[in-house]
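Quick notes on the structure that follows.
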Amino acid sequence: GIAGMEGSNRHEIAFVRMARIAPSDMLASDWGRRGRGASAPAYAVCVDRASRSVVIAVRGTLDASDALTDLCAEMIDASALRDGLGLSEEGDHFADAHGGVGGGTHGGSREDAQGGLREADQGVADGESEIGGAVRGEETWLSHRGILAATSELLAELTRNNVLRTLHRQLDDEAGLLRGFRLLVTGHSLGAGVATLLTLKLRANGFPEARCIAFSPPPLLPRAAADACARCVLTVALEGDVVPRLSLASVHCLAAQVVDELQRCEAPKWLVWQRASARGLARALGCATGASKPLG
């Protein structure tokens with residue numbers, strides 16, 4: 001075991017070991033759902049002294065309850081999230097605010113991200129940019145129902161357990177033990193989605209400098225609104241990863257394309273499905289499929 005963690009559960013012990021932090025730097029965590037909402041995600045709050053950061057880490061999909069949160073993918077009004085951007089800020093891109101972290105929120109170069117942000121800032125001034133409209137309220141903000149609910153539950157829990165009050169005191173007070181540290185929110189997949197929205201909520205509720213690194217989050221906001229978040233959210237997605245591209249809109253688009261291709265194909269439909277199923281099964285099992293044979 002790890003010294004100082006005799007009363008901790010196995011999840012917390014594993015987290016401390018993998019994060020390579022001291023047990024005393026583990027500030028709060030909850031890995032279960034006893035007494036919590038059905039969509040409340042597992043999380044941990046810790047201090048990373050190497051980067052001088054207080055980190056709120058949100059776990060991704062693990063069990064059936066998490067999967068149900070993922071499936072509640074209807075887009076609903078999320079206009080309140082706009083308050084997390086704050087028009088009084090300089091508007092620096094995340095990469096500039098964190099020592100040159102490369103990449104934009106949509107996988108572009110740092111130069112592209114900076115150029116896009118300059119355009120966004122100009123739009124805020126002259127009213128011609130879609131991103132500026134998204135920040136000011138001219139663009140409708142919609143978001144994933146399940147992830148929005150999970151974010152609200154997590155924020156309520158952090159408030160109820162006095163985690164946010166403690167962080168505010170330690171980060172901002174003159175005598176705070178963590179004064180000069182930054183607040184960083186992170187997560188993967190479902191956790192990345194919650195981390196992104198939680199960051200916007202925190203910035204509007206006493207933590208205006210909060211930032212987020214989101215690893216493979218699902219689609220959460222319309223494009224203009226997502227671009228406006230470049231100042232505080234860095235999205236990291238692997239090429240070919242389906243999660244950052246999986247939304248109700250993309251599923252409907254895929255279904256329409258499949259139907260269109262089936263209508264164009266002159267081969268018997270049973271043969272199309274048979275061969276598609278065989279190839280999918282072969283890939284899943286790691287078998288070679290051989291050369292493809294024409295259907296027509």
Mind listing whichever residues of the stretch 211-220 are at negative phi and either in contact with an Asp or Glu (Cβ under 6 Å, 6 or more places away or on another chain) or open to solvent by 30 Å² or more (accessible area, probe 1.4 Å) (or both)? Ile213, Phe215, Pro219
Which members of the stretch 219-247 meet the condition of being out of contact with any strand residue (DSSP E or B) (no Cβ under 7 Å at 6 or more places or on another chain) and among the hydrophobic types (A, V, I, L, M, F, W, C)? Ala224, Ala225, Ala226, Ala228, Cys229, Ala230, Ala237, Leu238, Val242, Val243, Leu246
Quick check: anything in the stretch 7-18 modelled with pLDDT of 90 or more, among the β-branched types (Val, Ile, Thr) and in contact with a Cys (Cβ under 9 Å, 6 or more places away or on another chain)? yes
Restricting the stretch 225-248 to residues that are assigned to a helix (DSSP H, G or I) and open to solvent by 70 Å² or more (accessible area, probe 1.4 Å), the residue that is farthest from Val185 (Cα to Cα): Leu248
Could you check the stretch 20-48 and list, in sequence order, the residues that are at pLDDT 90 or above, open to solvent by 40 Å² or more (accessible area, probe 1.4 Å) and small (Gly, Ala, Ser)? Ala22, Ser24
I'd like to know if the stretch 82-94 contains one or more residues that are under 30 Å from Ser24 (Cα atoms) and either at pLDDT below 80 or not polar (S, T, N, Q) (or both). yes
Hey, Val259 hits all of (1) surrounded by fewer than 11 Cβ atoms within 10 Å (Cβ to Cβ); (2) at pLDDT below 80 but one; which does it fall short on? (2)
If the Cβ limit is 7 Å and pairs must be 6+ apart or interchain, which residue in the stretch 162-173 that is of a type outside the set (A, V, I, L, M, F, W, C) pairs with which residue that is in a loop (DSSP other than H, G, I, E, B) and crowded, with 16+ Cβ neighbours inside 10 Å? Gln170/Leu178
Matching helices (runs of 4 or more DSSP H) fully within the stretch 122-194 where at least 1 residues are at pLDDT 90 or above: 145-160, 163-172
Condition check for Gly60: at pLDDT 85 or above and within 20 Å of Leu148 (Cα to Cα): yes
With the checklist (1) open to solvent by 50 Å² or more (accessible area, probe 1.4 Å); (2) closer than 18 Å to Ser79 by Cα; (3) assigned to a helix (DSSP H, G or I) in hand, flag the one item Pro208 doesn't pass. (3)
For the stretch 158-196, how many residues are within 19 Å of the chain's Cα centre (by Cα) and farther than 23 Å from Val242 by Cβ? 5
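The values are calculated or read from the model by the stated rules, or taken from the named source; none is laboratory data. Values in this document were obtained by computation on a predicted structure and should not be read as measured data. No Cβ is skipped: glycine too gets one built from the backbone with ideal geometry, and neighbour counts run over all protein chains shown. For the accessible areas, the whole protein counts, side chains as well, though only heavy atoms, and no ligand, DNA or RNA atoms are used. Shrake-Rupley method; radii C 1.70, N 1.55, O 1.52, S 1.80 Å.
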